[in-house]
Amino acid sequence: MVAPAVMFAAVGTAGQRCTTARRLIVHEKVYDEVVTGLKSAYAKVYPSRVGDPLEGSTLFGPMHSQQGVDLYKKAVSDALQQGGKLEFGGQVVDRPGYFVAPAIVTGLAHDAEIVHRETFAPILYVLKAKSVDEAISWNNEVKAGLSSSLFTGNLANIFKWMGPKGSDCGIVNVNIPTSGAEIGGAFGGEKQTGGGRESGSDAWKQYCRRSTCTINYSKDLPLAQGIKFE
């Protein structure tokens with residue numbers, strides 16, 4: 001479940017969604033297994049399913065412009081300079097259009113500058129954590145806060161992740177990717193992503209005239225702050 005979900009979140013729309021997965025934080029006990037699974041999943045998409053987005057067989061399309069390609073190239077170069085290792089991809093594709101290969105990078109520190117940078121490109125940084133608590137702290141240490149996701153079968157970890165000491169993002173998913181179309185829920189982020197919500201439970205509010213109503217059913221007169229005018 002993890003490999004195809006992460007691939008979709010990191011590679012979908014060529015990594016150019018606001019909810020694209022940029023960091024994958026993996027427990028050290030399953031780290032090697034997850035990286036191997038990711039590389040296998042990526043190999044099913046690149047290069048065989050790269051092409052024109054209007055064609056039904058295409059799963060991975062181009063960057064939006066040359067600027068996107070340049071940002072991708074710089075991010076890959078910076079990642080390698082900061083100690084990263086390319087596990088997959090990392091190159092510009094030699095074909096008409098703004099195509100690049102989806103990249104998987106390991107070996108970087110969780111607080112490396114490039115790991116915290118939003119590039120809007122199909123580059124995934126895979127980090128190795130010792131515990132769920134450490135992973136949550138790394139998740140929360142960046143300035144953006146739109147979408148996040150935890151993959152686990154542990155009920156306690158699910159409630160920790162969704163609770164007040166868990167993810168500080170506006171979207172907190174469990175066992176589904178960071179990107180999708182959860183239109184039934186309110187969409188929006190926290191921190192530098194911005195506050196407020198749209199769609200979901202907030203969508204109907206703009207169509208309503210809302211009133212706050214307070215009714216005193218007692219024969220007494222309770223006043224604010226407990227003040228008594230006697």
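Quick notes on this one:
- Top-ranked residue in segment 70-101 [being among the hydroxyl-bearing types (Ser, Thr, Tyr) and crowded, with 18+ Cβ neighbours inside 10 Å; ranked as nearest to LEU59 (Cα to Cα)]: TYR98
- Flag not set for LEU54, criterion: of a type outside the set (Gly, Ala, Ser), farther than 18 Å from SER147 by Cβ and open to solvent by less than 30 Å² (accessible area, probe 1.4 Å).
- From the list LEU108, LEU127, the one residue that fits, being in contact (Cβ under 8 Å) with a residue 40 or more places away in the chain and either part of a strand (DSSP E or B) or buried (at least 18 other Cβ atoms within 10 Å of the Cβ) (or both), is LEU127.
- Segment 177-230 - residue that is loosely packed, with under 10 Cβ neighbours inside 10 Å and polar (S, T, N, Q) and, of those, nearest to HIS116 (Cα to Cα): GLN206
- Residue count for segment 143-174, restricted to those that are free of Cβ contacts under 8 Å to residues at least 60 places away in the same chain and touching a strand residue (DSSP E or B) at 6+ places or on another chain (Cβ under 8 Å): 14
- Condition met for ASP32 (at pLDDT 95 or above, acidic (Asp, Glu) and within 21 Å of GLY97 (Cβ to Cβ)): no
- The condition (being of a type in the set (A, V, I, L, M, F, W, C) and at pLDDT below 95) is satisfied by just one residue among ILE183, ILE114, ILE123, ILE136: ILE183.
- Taking the conditions (1) under 30 Å from ASP70 (Cβ atoms); (2) part of a loop (DSSP other than H, G, I, E, B); (3) of a type in the set (Gly, Ala, Ser) in turn, SER148 satisfies each one other than (2).
- Subset of segment 130-146 (residues that are open to solvent by 40 Å² or more (accessible area, probe 1.4 Å) and over 20 Å from HIS27 (Cα atoms)): LYS143
The values are calculated or read from the model by the stated rules, or taken from the named source; none is laboratory data. What you see is a predicted model, and the numbers here were worked out from it, not measured in a lab. Cβ atoms come from the backbone with ideal geometry, glycine included; neighbour counts cover every protein chain shown. Heavy atoms of the whole protein, side chains included, go into the accessibility calculation; ligands, DNA and RNA do not. Shrake-Rupley method; radii C 1.70, N 1.55, O 1.52, S 1.80 Å.
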